[in-house]
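Peer 1: The following block contains the structure, expressed as structure tokens.
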Amino acid sequence: MVIVDKTIVGLDVGTTKVVAVIGEVGEDGRIRIVGVGQSPALGIKKGMVVNVEECSQSIKNAVSQAERVSGYPVEHAYVGVTGEHVQSINARGIITINQGNRTITANDVQRAIENAQASISVPPTREVVHIIPRGYTLDGQDGIREPVGMQAFRLEADVHIITGAIASLHNLVRAVQRAGIHAHDLVLEPLASAEACLTPAEREMGVCLADIGGGTTDMAIFCDGAVVYTGVVAVAGHQLTNDLAVVLRTPYDTAEKIKCSYGHCIPEAVLEAAPVTTNTFGAERTEIVPRRFVAEVIEARSHEMLSLIYTQIEKAGYANLLPAGLVL
């Protein structure tokens with residue numbers, strides 16, 4: 001990670017909101033948050049930019065808030081990436097060490113990683129976002145975390161490769177640049193969430209992280225301390241709101257307020273003594289509906305969302321292999 005002027009800036013361009021965070025790096029290397037800005041997201045649908053100008057304005061608003069709070073000007077930022085276009089694959093690269101009596105160097109490791117990338121075919125419409133080493137094997141001995149300095153005749157590198165659609169990635173970068181900010185690097189959202197939420201023990205045992213946003217649910221599966229699968233499910237908070245808007249026949253904004261104020265996904269845990277007042281279309285009147293009914297609507301979509309997450313876990317081949325469970 002490159003630190004510019006002792007500050008690090010993170011930019012999360014989400015479906016519902018854009019958040020800018022400025023961190024100040026102390027002499028001990030610890031980061032202290034000194035500025036946060038938030039703005040409603042415009043020009044973004046399901047994590048992807050659909051209007052560069054509107055998205056750029058949302059980024060400007062969030063960054064301006066963070067700048068005012070921190071007193072630091074923002075010129076560079078690490079930008080979060082999500083969307084249905086994100087895909088991942090695991091690959092293996094193998095090299096031979098000319099002399100088994102010499103130690104493995106960082107260049108050897110890099111060659112093995114490059115061979116792993118070369119072993120897969122990346123379509124011209126896609127671009128590699130991350131190449132993450134999962135582990136190494138030396139002369140058949142697997143489970144090696146750091147091969148540099150060790151001796152072997154044969155080095156194998158297992159890597160996790162994440163790609164995204166070039167058009168979607170470039171549109172995001174273009175929106176950031178039009179806001180007057182240089183996108184220093186792109187970071188997959190679930191990997192950033194995992195850094196904040198998961199413990200080393202969870203990563204080691206096996207765990208799935210699901211970050212439920214407004215337009216997408218970002219997933220990352222970890223096992224033996226390394227990421228083994230990443231994916232995006234196109235069902236998230238917006239679908240919950242939309243369901244309420246349709247069933248209650250109420251405007252979307254009203255449904256969003258009801259979800260945030262009274263929403264629950266377990267009807268049995270809701271008291272019937274808490275009715276919800278809602279405006280209806282086509283008439284200047286309100287209706288009172290049981291809060292339990294609101295919970296039943298949310299429960300149905302939540303069940304589907306969790307089913308889709310589990311389907312992704314099965315697709316990755318890790319069903320019943322995640323002792324640390326699911327972190328939401």
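The values are calculated or read from the model by the stated rules, or taken from the named source; none is laboratory data. Being a predicted model, the structure only gives us computed values, none of them experimental. Every residue, glycine among them, receives a Cβ derived from its backbone with ideal geometry; neighbour counts consider all protein chains shown. Side chains are part of the model used for accessible areas, which takes the heavy atoms of the whole protein and leaves out ligands, DNA and RNA. Shrake-Rupley method; radii C 1.70, N 1.55, O 1.52, S 1.80 Å.
Peer 1: Quick check: the angle from helix 237-248's long axis to the longest principal axis of the chain, C-alpha only, nearest 10 degrees?
Peer 2: The helix 237-248 is inclined about 20 degrees to the chain.
Peer 1: Between GLU268 and ALA300, with labels modelled 7 Å along Cα→Cβ, what's the label distance in nm to one decimal, could you check?
Peer 2: 2.0 nm
Peer 1: How many lysine pairs does the chain hold where the Cα atoms are under 16 Å apart and the two sit 8 or more places apart or on different chains?
Peer 2: Final tally of qualifying lysine pairs is 4.
Peer 1: How do VAL129, VAL227 rank by accessible surface area computed with a 1.4 Å probe, from largest to smallest?
Peer 2: Solvent-accessible surface, decreasing: VAL129, VAL227.
Peer 1: What spacing in nm lies between the two simple spin-label points modelled at GLN38 and ASP185, each 7 Å away from Cα in the Cβ direction?
Peer 2: Roughly 2.7 nm, to one decimal.
Peer 1: With every protein chain present, what is the per residue accessible area of segment 1-83 (1.4 Å probe, Å²)?
Peer 2: 52 Å²
Peer 1: Right, something else. Per residue, what accessible area does segment 161-239 have, given a 1.4 Å probe and all protein chains present, in Å²?
Peer 2: On a per-residue basis, 33 Å².
Peer 1: Scan segment 112-171 for trypsin sites (Lys or Arg not before Pro) in coil per DSSP, keeping those whose Cβ has at most 13 other Cβ atoms within 10 Å, and list them by number.
Peer 2: Of the trypsin sites (Lys or Arg not before Pro), the ones in loops of segment 112-171 whose Cβ has at most 13 other Cβ atoms within 10 Å are ARG145.
Peer 1: In whole percent, what relative contact order does segment 1-87 give with Cα contacts below 8 Å and a gap of six or more residues?
Peer 2: 31 percent
Peer 1: Let me check against my output: what whole-number percent is the relative contact order of segment 154-258, with C-alpha pairs under 8 Å and at least 6 apart?
Peer 2: Dividing the mean separation by the residue count of segment 154-258 yields 17 percent.
Peer 1: Quick query: amide H of VAL276 versus all other amide H atoms, modeled in the peptide plane; which residues come in under 5 Å with a sequence gap of 5 or more or a different chain?
Peer 2: VAL289, ARG291
Peer 1: Can you give the charge dipole size of segment 49-180 about its Cα centre, rounded to the nearest 20 debye, using +1 on the beta carbon of Lys and Arg and -1 on the beta carbon of Asp and Glu?
Peer 2: Magnitude of the dipole: close to 100 debye.
Peer 1: Using a simple charge model, +1 on the beta-carbon of Lys and Arg, -1 on the beta-carbon of Asp and Glu, nothing else, what dipole does the chain show about its Cα centre, in debye to the nearest 20?
Peer 2: Using only the charged Cβ atoms, the result is roughly 440 debye.
Peer 1: Ok, one more. Place +1 on the Cβ of every Lys and Arg and -1 on the Cβ of every Asp and Glu in the chain, take the dipole about the Cα centre, and give the residue among VAL52, VAL176, LEU322 whose Cα lies farthest towards its positive end.
Peer 2: Projecting each Cα onto the dipole axis, the largest value belongs to VAL52.
Peer 1: Can you check what the net charge comes to around TYR78, using other residues whose Cβ is under 12 Å from the Cβ of TYR78 (Lys, Arg +1; Asp, Glu -1)?
Peer 2: Every neighbour counted, the sum reads -4.
Peer 1: When the accessible area of segment 222-328 is computed with all protein chains present and a 1.4 Å probe, what percentage of it is carbon and sulfur?
Peer 2: Ligands and nucleic acids excluded, carbon and sulfur give 55 percent.
Peer 1: Rounded to a whole number, what % of the accessible area of segment 1-122 do carbon and sulfur atoms account for, probe 1.4 Å?
Peer 2: For segment 1-122, the apolar C and S fraction of the accessible surface comes to 47 percent.
Peer 1: Just want the answer: with Cβ charges of +1 for Lys and Arg and -1 for Asp and Glu, which residue in GLY37, ALA210, GLY26 is farthest toward the dipole's positive end in the chain?
Peer 2: The residue sitting farthest along the positive end of the dipole is GLY37.
Peer 1: Given an 8 Å cut-off on Cα distances and at least 6 residues of separation, report the relative contact order of the chain as a percent.
Peer 2: It rounds to 15 percent for the chain.
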